[in-house]
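Trainee: Okay, handing you the structure first.
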Amino acid sequence: MGNTINAVIKKYNGDETRLMDILLDIQTELGYISDWTIEQISKALDIPAVEIIQTLSFYHFFHREPKGKYTIYLNDSVVSNFNGKDEVKKAFEEEAGIKFGQVTPDGLIGLFETSCIGMSDQEPAALINEQPFPSLTPEKAKKIIRMMKDGKSIEDIKGNKYGEGNNSHYLMRSLVNNNIQERGPVIFSDYTPGEAIKKIVKELSSTDIIEEIKKSYLRGRGGAGFPTGLKWEIARKAQGDIKYIFCNADEGEPGTFKDRVILTELPKLVFEGMVIAGYAVGAKYGILYLRNEYRYMRDYLEHVLQEMRDDGLLGKFIGGKKGFDFDIRIQCGAGAYVCGEESALIESAEGKRGEPRDRPPFPVESGYLNKPTVVNNVETFCTAVKIILYGSEWYNRMGTKESRGTKVLSVSGDCERPGIYEVEWGFSVNDILRKAGAKTHEILAVQVGGPSGSCISEKEFGRVLAYEDLATGGSLIIIGKKRNLIKDVVLNFQHFFMEESCGSCVPCRVLTVVYKKIIEKIVRGEGKSSDIENLQKWSVYMKNNRCGLGQTATNPTITAIKNFKYLFDESVKNNSESFNTSFNEDEAVKEYIEIFNKK
Amino acid sequence: MTKKKKIIATASLAGCFGCHMSFLDIDERILNLIELVEFNKSPINDIKKFTKHCDIGIIEGGCCNDENVHVLKEFRKNCDILISLGECAIMGGLPAMRNGIPLKECLEEAYINGPTVKDVNPQKIIPFDPDIPKILNKVYPCHEIVKIDYFLPGCPPRADLIWNALYALVTGNELLIPYEVFKYD
């Protein structure tokens, strides 16, 4: 054990900022991080044990005790629940003979739930020892457990019905499907790796690139929509000998899975975008921050990086140009939604808890290791490559005035064709529903932009996807009329935010719990109309949170109340305002009476 | 012309009467108060039952037994405005320290195993009788049982805070809470 630990630490040169990698590698080897292991790491890195524990305890895929030889993480997302998660959960429990949250006494199987793993188009899905198992059924679940009991390897349990495209690559061998339903003219159009790099080497300076990106009005595709050209320009002008380019592939917003598909099918496009950004900004190092849920892609992505190095598209003298050096490493996360926030992502990549930083300074001035750092979304980098290849004029012909180009949408929920749609900005929600084969008259609501976005009703299905109207990071969850919106959607999302709040800011830490409890109360039929008023009123305090994720953590509730007030009113209408329906006197004295009845 | 006096009721549930004592600490201002209000059900005048509908009900203590619940609900029915006075009414306070311990253990500690009782209760009797209130599974703050309109914090709340709040409520003037009245260190 000691040898394993020392070998891992040596691999990362005893660098404490690589603590995430160290812990992930050790956990892969040893199964979990024991107190003894923490002590060893603490000695070897010469940092206090508590620093290791604070990182360790932040991420839900790190374990401090054994979680089973096979660890099953069943997805608890909204769409997973729509598609029969409860039955699958029951099947796992029955076959394994334990409840979720437990490990079998022989230490073979551990059952756990997890937040959205980015498979909303093929739910219910689970991660088993980091391998995704999409489209589960109770029968499959039982079979999986039986195979585990027979001692089969994960590869055996997976079988060989791999997904389409690169999912079947020998280094990935994943059961995941891409479900690309519509290929648009920017991301999913023809692409030859290295063309853009050749072009910049030949004819473009760093300022030319930034000018071209600025002229394209490209805005960040992660959701916030910051102008990419401006971000690159600030980073270029920022003081600093070393600069970094980060690609944010911590796609944690429930219902979003586009980055998974892009990374599967077009990793070179993503990496080439990072190289171009590096050239424009003057950075020589790039980091792909890959969420732990997508760690199954890592070997494949490492292989792609090596291919690019071999082709002279990465490493030293890129495109044969002296001084054009850029290389990329992959940083895996360990399960934390908040790491999608850029400063939290940087903290995490430095081996710390993924808590957002105070700003200013912004990452472009002082980011990773306090050096100027550009953080962009996967899709943003891809788009930048195409803009460099075909020009901003070409790009500006697509989309709307404020939103140029295309957007890759992750569509899931109650529709016939869930999956990936690359469409020009400016389509209405109705258009997307039609494309996805959702019957408008059967649809109750659409959750646009994930839980932190908004839950819209039929009245707003005519609204247009664009920054000037309905801005979105790209996810649409379609919610049918057969669903109980408050229970199946709002409660699930508030539970998600409660779980995923990093706990730094008081309003986020406290109100996410309060909101979940009140929604539970309403679902139990014990809510009061003043509860609904309070939910609406208190959300203003969320604006005091440090990061954008915390600020929007009550959005599922307030946008649902805004557009579906009647559902909430209906559920509280019979309850007295003066007396709390959730207090049941008979229940409250039951324990006391039982103590004496037993005597 | 005399204005109609506001009617006040008070009760101490699972509290220590400390909040009521603090109320009495308004000292000579009680004479001003009596000009403004009339007391109905309250330990201050020993009226046991509501004889009329009240404007303001002041509750000290949370609910630890079913009788507390009944009294609290009666207050809610008979008062337009209910105030939770002090830590116990607002959050359960000291009595709520038992909330993390199973009820059976609490009773056994209190009547059988505790150092002050273990030698004097050889029959190991825990009181249980239809005539005594039934203990709740945990101590509840008042607002978990009925709607509470105002909360006056403190353990106890200062007399000045109680006075200022009541005076403002009765006269309709603005509530003054200078720092000295609202600090707890």
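Trainee: Assess whether B:Leu136 counts as being away from chain A (no Cβ under 14 Å), in contact with a strand residue (DSSP E or B) (Cβ under 9 Å, 6 or more places away or on another chain) and within 30 Å of A:Asn575 (Cβ to Cβ).
Mentor: Working: away from chain A (no Cβ under 14 Å): no; in contact with a strand residue (DSSP E or B) (Cβ under 9 Å, 6 or more places away or on another chain): yes; within 30 Å of A:Asn575 (Cβ to Cβ): yes.
It is false that B:Leu136 is away from chain A (no Cβ under 14 Å), in contact with a strand residue (DSSP E or B) (Cβ under 9 Å, 6 or more places away or on another chain) and within 30 Å of A:Asn575 (Cβ to Cβ).
Trainee: Give me the residue from the range A:463-472 that is in a strand (DSSP E or B) and within 24 Å of the chain's Cα centre (by Cα) and, out of that set, surrounded by the fewest Cβ atoms within 10 Å (Cβ to Cβ). Lay out the reasoning, then the answer.
Mentor: Initially, the range A:463-472 is screened for residues in a strand (DSSP E or B), giving A:464-465, A:470.
Retained after the next criterion (residues that are within 24 Å of the chain's Cα centre (by Cα)): A:465, A:470.
On the way: A:Leu465: 26, A:Leu470: 19.
Within the range A:463-472, the match that is surrounded by the fewest Cβ atoms within 10 Å (Cβ to Cβ) is A:Leu470.
Trainee: Looking at (1) part of a helix (DSSP H, G or I); (2) within 14 Å of chain A (Cβ to nearest Cβ); (3) within 17 Å of the chain's Cα centre (by Cα), can you tell me which one B:Ala89 breaks?
Mentor: Single failed check for B:Ala89: (2).
Trainee: Now for a different question. Among A:Ala384, A:Ala436, which is closer than 30 Å to A:Glu350 by Cβ and either among the basic types (Lys, Arg) or open to solvent by less than 40 Å² (accessible area, probe 1.4 Å) (or both)? Before the answer, list the steps.
Mentor: On the way: A:Ala436 fails: closer than 30 Å to A:Glu350 by Cβ.
Being closer than 30 Å to A:Glu350 by Cβ and either among the basic types (Lys, Arg) or open to solvent by less than 40 Å² (accessible area, probe 1.4 Å) (or both) holds for just one of A:Ala384, A:Ala436, which is A:Ala384.
Trainee: Within the range B:139-185, how many residues turn out to be more than 14 Å from chain A (Cβ to nearest Cβ) and either free of Cβ contacts under 8 Å to residues at least 12 places away in the same chain or of a type in the set (A, V, I, L, M) (or both)?
Mentor: Summing the residues that are more than 14 Å from chain A (Cβ to nearest Cβ) and either free of Cβ contacts under 8 Å to residues at least 12 places away in the same chain or of a type in the set (A, V, I, L, M) (or both) in the range B:139-185 gives 20.
Trainee: Additional query: Restricting to the range A:227-250, and then to whatever is touching a Leu at 6+ places or on another chain (Cβ under 9 Å) and assigned to a loop (DSSP other than H, G, I, E, B), can you tell me which residue is most open to solvent (accessible area, probe 1.4 Å)? Outline the logic, then answer.
Mentor: Let us first name the residues in the range A:227-250 that are touching a Leu at 6+ places or on another chain (Cβ under 9 Å), namely A:227-229, A:242, A:244, A:246-250.
This time we only want the ones that are assigned to a loop (DSSP other than H, G, I, E, B), so: A:242, A:250.
Working: A:Ile242: 56, A:Asp250: 17 Å².
Going through the qualifying residues, I end up with A:Ile242.
Trainee: Given the structure, is A:Lys401 at pLDDT below 95 and surrounded by fewer than 21 Cβ atoms within 10 Å (Cβ to Cβ)?
Mentor: Values: at pLDDT below 95: yes; surrounded by fewer than 21 Cβ atoms within 10 Å (Cβ to Cβ): yes.
It is true that A:Lys401 is at pLDDT below 95 and surrounded by fewer than 21 Cβ atoms within 10 Å (Cβ to Cβ).
Trainee: Further, regarding this structure: How many residues does the range A:515-533 hold that are surrounded by fewer than 16 Cβ atoms within 10 Å (Cβ to Cβ) and either touching a His at 6+ places or on another chain (Cβ under 7 Å) or at pLDDT 95 or above (or both)? Break it down into steps so the answer makes sense when it comes.
Mentor: Within the range A:515-533, the subset surrounded by fewer than 16 Cβ atoms within 10 Å (Cβ to Cβ) is A:517, A:524-525, A:529-530, A:533.
Cutting the leftovers down to either touching a His at 6+ places or on another chain (Cβ under 7 Å) or at pLDDT 95 or above (or both) gives us A:517, A:533.
The qualifying residues number 2.
Trainee: Determine which member of the set A:Lys371, A:Lys386 is closer than 24 Å to A:Lys258 by Cα and over 24 Å from the mean Cα position of the chain (by Cα).
Mentor: Values: A:Lys371 fails: closer than 24 Å to A:Lys258 by Cα.
Sole residue among the options that is closer than 24 Å to A:Lys258 by Cα and over 24 Å from the mean Cα position of the chain (by Cα): A:Lys386.
Trainee: Here's something else I'd like to know. When you check B:Thr51 against the structure, is it outside any helix (DSSP H, G or I), β-branched (Val, Ile, Thr) and over 20 Å from B:Gly86 (Cα atoms), yes or no?
Mentor: On the way: outside any helix (DSSP H, G or I): yes; β-branched (Val, Ile, Thr): yes; over 20 Å from B:Gly86 (Cα atoms): yes.
Against the criterion (outside any helix (DSSP H, G or I), β-branched (Val, Ile, Thr) and over 20 Å from B:Gly86 (Cα atoms)), B:Thr51 qualifies.
Trainee: If A:Thr557 satisfies every condition in (1) in contact with a helix residue (DSSP H, G or I) (Cβ under 9 Å, 6 or more places away or on another chain); (2) within 14 Å of chain B (Cβ to nearest Cβ); (3) modelled with pLDDT of 95 or more but one, which is the exception?
Mentor: With respect to (1) in contact with a helix residue (DSSP H, G or I) (Cβ under 9 Å, 6 or more places away or on another chain); (2) within 14 Å of chain B (Cβ to nearest Cβ); (3) modelled with pLDDT of 95 or more, A:Thr557 is out only on (2).
Trainee: Could you pull out the residue among A:Glu307, A:Glu293 that is within 28 Å of A:Ile128 (Cα to Cα) and either at pLDDT below 95 or of a type in the set (Asp, Glu) (or both)? It would help to see each step written out before you state the result.
Mentor: Numbers: A:Glu307 fails: within 28 Å of A:Ile128 (Cα to Cα).
Among A:Glu307, A:Glu293, only A:Glu293 is within 28 Å of A:Ile128 (Cα to Cα) and either at pLDDT below 95 or of a type in the set (Asp, Glu) (or both).
Trainee: Residue by residue through the range A:544-565, note down the ones that are open to solvent by 50 Å² or more (accessible area, probe 1.4 Å) and closer than 25 Å to A:Ile477 by Cα. Break it down into steps so the answer makes sense when it comes.
Mentor: Filtering the range A:544-565 down to residues open to solvent by 50 Å² or more (accessible area, probe 1.4 Å) leaves A:544, A:546, A:551, A:562, A:565.
Across the range A:544-565, the qualifying residues are A:Gln551, A:Lys562, A:Lys565.
Trainee: For A:Lys237, only one of the following conditions fails: (1) in contact (Cβ under 8 Å) with a residue 24 or more places away in the chain; (2) more than 22 Å from A:Ala344 (Cα to Cα). What is its number?
Mentor: For A:Lys237, the exception is condition (1).
Trainee: Hey, any hits in the range A:63-80 for a residue that's more than 25 Å from A:Lys152 (Cα to Cα), without any contact (Cβ under 8 Å) to a residue 24 or more places away in the chain and in the same structural domain as A:Lys149 (by TED's automatic domain parsing)? Full working, then the answer.
Mentor: Residues of the range A:63-80 more than 25 Å from A:Lys152 (Cα to Cα): A:64, A:76-80.
When the remaining residues are screened for being without any contact (Cβ under 8 Å) to a residue 24 or more places away in the chain, the result is none.
No, the range A:63-80 has no match at all.
Trainee: Say whether the condition of being surrounded by fewer than 23 Cβ atoms within 10 Å (Cβ to Cβ), under 16 Å from A:Pro193 (Cβ atoms) and either assigned by TED's automatic domain parsing to the domain that holds A:Pro134 or touching a residue at least 60 places away in the same chain (Cβ under 8 Å) (or both) is met by at least one residue in the range A:274-288. Talk me through it step by step, then tell me what you get.
Mentor: Just the residues of the range A:274-288 that are surrounded by fewer than 23 Cβ atoms within 10 Å (Cβ to Cβ), to begin with: A:282, A:284-285, A:287.
From what's left, under 16 Å from A:Pro193 (Cβ atoms): none.
No - not one qualifying residue is present in the range A:274-288.
Residues are listed down the side, and each one gets a yes or a no for (1) in contact (Cβ under 8 Å) with a residue 24 or more places away in the chain; (2) surrounded by fewer than 19 Cβ atoms within 10 Å (Cβ to Cβ); (3) closer than 20 Å to A:Ala384 by Cα; (4) not hydrophobic (A, V, I, L, M, F, W, C):
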site: A:Val446; (1), (2), (3), (4): yes, no, no, no
site: A:Glu458; (1), (2), (3), (4): no, yes, no, yes
site: A:Phe461; (1), (2), (3), (4): yes, yes, no, no
site: A:Ile479; (1), (2), (3), (4): yes, no, no, no
site: A:Leu485; (1), (2), (3), (4): yes, no, no, no
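Trainee: Counting only residues that are within 17 Å of B:Gly86 (Cα to Cα) and open to solvent by less than 70 Å² (accessible area, probe 1.4 Å), how many does the range B:170-182 have?
Mentor: Count: 1.
Trainee: Within the range B:58-77, which residues are in a helix (DSSP H, G or I), open to solvent by less than 10 Å² (accessible area, probe 1.4 Å) and facing another protein chain (nearest Cβ under 9 Å)?
Mentor: Of everything in the range B:58-77, just one residue is in a helix (DSSP H, G or I), open to solvent by less than 10 Å² (accessible area, probe 1.4 Å) and facing another protein chain (nearest Cβ under 9 Å), namely B:Val69.
Trainee: Among the numbered criteria (1) open to solvent by 50 Å² or more (accessible area, probe 1.4 Å); (2) within 18 Å of A:Leu485 (Cβ to Cβ); (3) of a type in the set (A, V, I, L, M), which one does A:Val540 miss?
Mentor: (2)
Trainee: What's the number of the condition A:Asp208 fails, among (1) over 30 Å from A:Cys415 (Cβ atoms); (2) crowded, with 21+ Cβ neighbours inside 10 Å?
Mentor: Against the list (1) over 30 Å from A:Cys415 (Cβ atoms); (2) crowded, with 21+ Cβ neighbours inside 10 Å, A:Asp208 comes up short only on (2).
Trainee: Could you check, for the range A:589-598, whether at least one of its residues is polar (S, T, N, Q), in a helix (DSSP H, G or I) and either within 14 Å of another protein chain (Cβ to nearest Cβ) or free of Cβ contacts under 8 Å to residues at least 12 places away in the same chain (or both)?
Mentor: yes
Trainee: Among the residues of the range A:565-584, is any touching a Gly at 6+ places or on another chain (Cβ under 9 Å), away from every other protein chain (no Cβ under 14 Å) and part of a helix (DSSP H, G or I)? Steps first, answer last, please.
Mentor: Kept after step one, since they are touching a Gly at 6+ places or on another chain (Cβ under 9 Å), are these residues of the range A:565-584: A:568, A:571-572, A:574-575, A:581-582.
Filter once more, so that each one left must be away from every other protein chain (no Cβ under 14 Å): A:568, A:571, A:574.
The next check asks that each one be part of a helix (DSSP H, G or I); those that pass are A:568, A:571.
Yes - at least one qualifying residue is present in the range A:565-584.
Trainee: Moving on. I'm checking my understanding of the structure. Among residues of the range A:532-561 that are of a type in the set (Val, Ile, Thr) and part of a helix (DSSP H, G or I), which one is farthest from A:Leu491 (Cα to Cα)? Spell out how you get there, then give the answer.
Mentor: Let us first name the residues in the range A:532-561 that are of a type in the set (Val, Ile, Thr), namely A:532, A:540, A:552, A:554, A:557-559, A:561.
This time we only want the ones that are part of a helix (DSSP H, G or I), so: A:532, A:540, A:557-559, A:561.
Values: A:Ile532: 14, A:Val540: 19, A:Thr557: 8, A:Ile558: 12, A:Thr559: 13, A:Ile561: 13 Å.
In this case the residue turns out to be A:Val540.
Trainee: So, one more: Kindly check whether there is at least one residue in the range A:291-299 that is at negative phi and among the aromatic types (Phe, Trp, Tyr).
Mentor: Step one: of the range A:291-299, the residues at negative phi are A:291-299.
Among the residues that remain, those that are also among the aromatic types (Phe, Trp, Tyr) are: A:294, A:296.
Yes, because at least one residue in the range A:291-299 is at negative phi and among the aromatic types (Phe, Trp, Tyr).
Trainee: Which of the residues that make up the range A:473-530 are polar (S, T, N, Q) and not in a helix (DSSP H, G or I)? Working first, answer last.
Mentor: Of all residues in the range A:473-530, those polar (S, T, N, Q) come to A:475, A:484, A:492, A:494, A:501, A:504, A:512, A:529-530.
Scanning the range A:473-530 gives A:Ser475, A:Asn484, A:Ser501, A:Ser504.
Trainee: Can we say A:Glu379 is under 18 Å from A:Leu476 (Cβ atoms) and assigned to a helix (DSSP H, G or I)? Walk me through it before giving the result.
Mentor: Numbers: under 18 Å from A:Leu476 (Cβ atoms): yes; assigned to a helix (DSSP H, G or I): yes.
In short, yes.
Trainee: Counting only residues that are open to solvent by 100 Å² or more (accessible area, probe 1.4 Å), in a loop (DSSP other than H, G, I, E, B) and within 12 Å of chain A (Cβ to nearest Cβ), how many does the range B:101-133 have?
Mentor: Matching residues across the range B:101-133 total 2.
Trainee: Step by step: first the residues of the range A:28-39, then only those that are modelled with pLDDT under 95 and in a helix (DSSP H, G or I), then the one that is nearest to A:Phe62 (Cα to Cα). Which residue is that?
Mentor: By that ranking, first place goes to A:Thr28.
The values are calculated or read from the model by the stated rules, or taken from the named source; none is laboratory data. Since this is a predicted model, take the numbers as computed values, not measurements. Don't worry about glycine lacking a Cβ; one is built from the backbone with ideal geometry, like all the others, and counts go over all protein chains shown. What goes into the accessible areas is simple: the full protein's heavy atoms, side chains included, and nothing from ligands, DNA or RNA. Shrake-Rupley method; radii C 1.70, N 1.55, O 1.52, S 1.80 Å.
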